[in-house]
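Working notes for the structure below.
The values are calculated or read from the model by the stated rules, or taken from the named source; none is laboratory data. Bear in mind that the values here come from a model prediction, so they are computed numbers and not experimental data. Virtual Cβ from ideal backbone geometry, glycine too; neighbours counted across all protein chains shown. Ligands, DNA and RNA are excluded from the accessible area calculation, which covers all protein heavy atoms including side chains. Shrake-Rupley method; radii C 1.70, N 1.55, O 1.52, S 1.80 Å.
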Amino acid sequence: MAMIAHKCRDVVVEVVDVNAERIAAWQSDRLPIFEPGLDDIVRSARGRNLSFSTDVDAAIRAADIIFIAVNTPTKTYGVGAGRAADLKYIERCARRIAHSLKGDTIIVEKSTVPVHTSELVKTVMEARSGGGNVQVLSNPEFLAEGTAVRDLEEPDRVLIGGERTPEGDAAVETLTSVYAQWVPRERIITTNLWSSELSKLTANAFLAQRISSINAISALCEETGADVDEIALAIGLDSRIGPKFLRSSVGFGGSCFQKDIFNLVYLCEHFDLPEVASYWEQVVHMNDYQKGRFSKRIINALFNTVSGKRIAILGFSFKKDTNDTRESAAIYVCRHLLQEQAHLAIYDPQVSEEEIRAELSASLDGDGEIEVCTDPYDAVRGAHATAVLTEWNEFADLDFASIYEEMLKPAFIFDGRNILDLHKLRAMGFVAHGVGKR
Ligand code: UGA
């Protein structure tokens, strides 16, 4: 929404939420999320054509276009628990819109939703008492965290799904004309509603599948002496495969991939397609295997016990340039090490101590301990091992000679992101491990 306000001065954007604390944070000098470049855009548009408010009903009444951008987490209860998307926030939004709406409106599904969710929104709208024509569009978001501003400024494509009727086409054209103020028209593609909804889940499933595929090969590399980065380079130069999303790692994280695959799996099961469901589910299984393999490797290398040992954890967010920790592989690895009674010294340049403690508190009932450090050199001091779990640029630039001096010997280092030069580290005296490298 900030990008629309930034690019389209003639569009008035009002962001509303029932969470007053969140809205206050968006109005303040300290935005609630860390995202490179976002501060500048919000600050320049705020007070001009971008505002934040808790007056949800007034915003609904005033709007020509309403974006529903609430979260759709995996259900934790009842039918479909652990798999299906929880659509209660979408439904509550739809009901609130139906309650307050006056006149013609376009409702845009921005949230990631299962195919056919727009049917739910339409049904709620059709049952309302007020007049006016309502069109429901699907406009999934493809930005990635950490690169959101660039992804929004120059998207590979903008996807808009609508009903194939004259009213539906008109609504699609209205939304297209907003994006067309900065996105070339040939990159704005339009489809029917179901294709648009399903494209979003499919895109994330394909991206996650590439990571699980290269991670599966990384296990074989560690056994055979092949190097997974060399393989990624060799296959990525095939223009049919392409070089992106082939970085082997400790495992993918983030709020989207796992949730969206489970959602896809649930849909397949719902439509009685068990083979298709288990095909996609394997992408998540492979990711769990990769996370587990990494922590086991640390334990095995440290003579099969980490009990009472200090292990420095560099990076806690699910990828660099974000403070988001949702489903971060670091959480999984840290929990496993804590169960084995390790003492973890954790450093991340953006994730707060409060957040780290909240993620790990449930694993602290045994003899495992955590210390959250504000400097990476404090974390490694006296450590038996160092593990790099997020690919923050600053980690590659650390002074490893002094880190080696500060650590206990033998000094073990595990690079879960393949951002360090293992040969150089070994020459310094480290026992160095990467992913997919022997
Ligand atoms: C992902 C998609 O990339 C976006 O297109 C989509 O819009 C978004 O989900 C969403 O549905 O909202 P995001 O989760 O923010 O974006 O970040 P990614 O860059 O996709 O990274 C996901 C995870 O995969 C991270 O843990 C990252 O470290 C890992 N990864 C990525 C790898 O391990 N290897 C790679 O080669 C690439």
Expected single match for assigned to a helix (DSSP H, G or I) and farther than 30 Å from Gly132 by Cβ among Leu198, Leu175, Leu207 is Leu207
Quiz item: Quick one: would you say Tyr347 is away from the ligand (no atom under 16 Å from the Cβ), open to solvent by 10 Å² or more (accessible area, probe 1.4 Å), of a type outside the set (S, T, N, Q) and touching a Gly at 6+ places or on another chain (Cβ under 9 Å)?
Solution: yes
Within region 119-156, residues being part of a loop (DSSP other than H, G, I, E, B) and more than 15 Å from the ligand (Cβ to nearest atom) number 7
Filtering region 25-41 for residues that are farther than 16 Å from Gly146 by Cα and either in contact (Cβ under 8 Å) with a residue 12 or more places away in the chain or open to solvent by 50 Å² or more (accessible area, probe 1.4 Å) (or both) leaves a count of 4
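Each row is one residue, and each column tells you yes or no for (1) within 22 Å of Val351 (Cα to Cα); (2) among the aliphatic types (A, V, I, L, M); (3) more than 16 Å from the ligand (Cβ to nearest atom); (4) in contact with an Asp or Glu (Cβ under 8 Å, 6 or more places away or on another chain).
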position: Asp365; (1), (2), (3), (4): no, no, yes, no
position: Asp378; (1), (2), (3), (4): yes, no, yes, no
position: Arg381; (1), (2), (3), (4): yes, no, yes, yes
position: Ala385; (1), (2), (3), (4): yes, yes, yes, no
position: Glu391; (1), (2), (3), (4): yes, no, no, no
position: Glu406; (1), (2), (3), (4): no, no, yes, no
position: Pro410; (1), (2), (3), (4): no, no, yes, no
position: Gly416; (1), (2), (3), (4): yes, no, no, no
position: Ala432; (1), (2), (3), (4): no, yes, yes, yes
Filter region 397-438 for residues that are at positive phi and not polar (S, T, N, Q); the one that is most open to solvent (accessible area, probe 1.4 Å) is Gly429
Matching residues in region 1-59 (closer than 23 Å to Val108 by Cα, touching a Phe, Trp or Tyr at 6+ places or on another chain (Cβ under 7 Å) and either among the small types (Gly, Ala, Ser) or in a helix (DSSP H, G or I) (or both)) number 3
Determine whether Glu91 is open to solvent by 40 Å² or more (accessible area, probe 1.4 Å), at pLDDT below 95, part of a helix (DSSP H, G or I) and of a type outside the set (Ser, Thr, Tyr).
no
Among the residues of region 280-299, is there at least one that is under 19 Å from Gly416 (Cα atoms), more than 13 Å from the ligand (Cβ to nearest atom) and touching a strand residue (DSSP E or B) at 6+ places or on another chain (Cβ under 6 Å)?
-> yes
Flagged in region 293-319 as open to solvent by 10 Å² or more (accessible area, probe 1.4 Å), among the small types (Gly, Ala, Ser) and part of a helix (DSSP H, G or I), in numbering order, are Ala301
Flagged in region 303-333 as in contact with a strand residue (DSSP E or B) (Cβ under 8 Å, 6 or more places away or on another chain), within 15 Å of the ligand (Cβ to nearest atom) and of a type outside the set (Phe, Trp, Tyr), in numbering order, are Leu314, Gly315, Ala330, Val333
Going through region 224-266 in order, the residues found to be of a type in the set (D, E, K, R) and near the ligand (Cβ under 10 Å from one of its atoms) are Lys244, Arg247, Lys259, Asp260
All-but-one check, Ala232 against (1) touching a residue at least 40 places away in the same chain (Cβ under 8 Å); (2) open to solvent by less than 20 Å² (accessible area, probe 1.4 Å), failing number (1)
Inside region 170-201, the number of residues satisfying the requirement of being open to solvent by 50 Å² or more (accessible area, probe 1.4 Å), of a type in the set (Ser, Thr, Tyr) and within 14 Å of the ligand (Cβ to nearest atom) is 0
Of those in region 105-129 that are more than 14 Å from Val70 (Cα to Cα) and aliphatic (A, V, I, L, M), the residue most open to solvent (accessible area, probe 1.4 Å) is Ala127
